[in-house]
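Worksheet for the structure shown next.
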Amino acid sequence: MRNITSADFTPFDWASVAKSQRRLPHLTQAGAIYFVTFRLADSVPLEVARRWNDDITTWPAANPPPWPPEMERVYHRRFTMRLERWLDAGHGACVLKQPELRDEITASLMHNDEKLYELRDYVIMPNHVHALIRPLVVSPASKLLGAAKGASARRINARLGAHGALWMDESFDHIVRGMDSLKKFQRYIADNPVKAGLSAHEYTYEQRWELK
């Protein structure tokens, strides 16, 4: 386990970020730490996902960044927290309850660890994955995980005898604003299985950062 202190942390700065958007907004800042979520394609009901995608497109357009702290909190109550509630509700087949399938994700994530990114705390839930990563190249965090998602999807589909998209193609990523926020995300990752009422064999969790 690696220690991290405030001296290792690159503070978030709106002036230094690059912005892009598909359905979801993405910010890129060199040296930043990201909280990333990617989910199975069936993890949110289609109609709910459509409404959410419409909202997350129109709301930032009506409230363009940079945002003061209170607007940041509004954004995360409206979008981040709502997505987490949907995911923890356990929609879809939740195939990642199977340990051997979670092992495929762990192997895929670890493949580019210390190459494209530093992989830190993560949890693999029955229908989604949360991870803290620090990119080692300047690229949107969601793109850096594309290879891991693709490799794990191929191997999981082969095990299941399935075809088609396993993951939603676009991941959610959020630049961690400061050490206090990093600690909150770390606690969230650790506590997520308990809050979702999972048994020990239904998830995989690893703490890889000790905050000092």
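Screening the candidates A107, A61 for the property of being among the small types (G, A, S) and at pLDDT 90 or above yields one hit, A107.
Considering the stretch 136-170, and only residues there that are touching a residue at least 40 places away in the same chain (Cβ under 8 Å) and touching a Leu at 6+ places or on another chain (Cβ under 6 Å), the residue that is farthest from M81 (Cα to Cα) turns out to be I156. When L101 is tested against (1) surrounded by 15 or more Cβ atoms within 10 Å (Cβ to Cβ); (2) in contact with a strand residue (DSSP E or B) (Cβ under 7 Å, 6 or more places away or on another chain); (3) farther than 23 Å from F9 by Cβ, just one condition goes unmet, and that condition is (2). Of the residues screened, I56 is one that is of a type in the set (A, V, I, L, M) and free of Cβ contacts under 8 Å to residues at least 40 places away in the same chain. Here R187 passes the criteria (1) in a helix (DSSP H, G or I); (2) among the charged types (D, E, K, R); (3) under 30 Å from W67 (Cβ atoms); (4) touching a helix residue (DSSP H, G or I) at 6+ places or on another chain (Cβ under 9 Å) except the one numbered (4).
I'd like the full set of residues that are under 16 Å from N127 (Cβ atoms), assigned to a loop (DSSP other than H, G, I, E, B) and not acidic (D, E), limited to the stretch 165-177. Result: A165, L166, M168, S171. Whenever a residue of the stretch 1-26 is more than 23 Å from T58 (Cα to Cα) and surrounded by 12 or more Cβ atoms within 10 Å (Cβ to Cβ), its partners that are aromatic (F, W, Y) and modelled with pLDDT of 75 or more, lying with C-beta atoms within less than 9 angstrom and at least six residues away or across chains, give the pairs I4/W209.
The residues of the stretch 190-212 that are assigned to a helix (DSSP H, G or I) and either surrounded by 18 or more Cβ atoms within 10 Å (Cβ to Cβ) or hydroxyl-bearing (S, T, Y) (or both), listed by number, are N192, P193, E202. Checked against (1) modelled with pLDDT under 90; (2) not in a helix (DSSP H, G or I), K143 meets all criteria but (2). From the list M168, M179, the one residue that fits, being surrounded by fewer than 22 Cβ atoms within 10 Å (Cβ to Cβ) and either touching a Pro at 6+ places or on another chain (Cβ under 9 Å) or within 19 Å of A30 (Cα to Cα) (or both), is M179.
Of the candidates R82, R73, the single residue that is at pLDDT below 80, over 20 Å from Y203 (Cα atoms) and either assigned to a loop (DSSP other than H, G, I, E, B) or not β-branched (V, I, T) (or both) is R82. Of all residues in the stretch 99-133, those satisfying the criterion of being in contact with a helix residue (DSSP H, G or I) (Cβ under 8 Å, 6 or more places away or on another chain), more than 22 Å from R187 (Cβ to Cβ) and either hydroxyl-bearing (S, T, Y) or in a loop (DSSP other than H, G, I, E, B) (or both) are S108, N112, L116.
Out of V36, V44, one residue alone is assigned to a strand (DSSP E or B) and surrounded by 13 or more Cβ atoms within 10 Å (Cβ to Cβ). It is V36.
The values are calculated or read from the model by the stated rules, or taken from the named source; none is laboratory data. Here the structure is a predicted model, which means the values were calculated and not measured. A quick note on method: Cβ atoms are made from the backbone with ideal geometry, for glycine too, and the neighbour counts reach across all protein chains shown.
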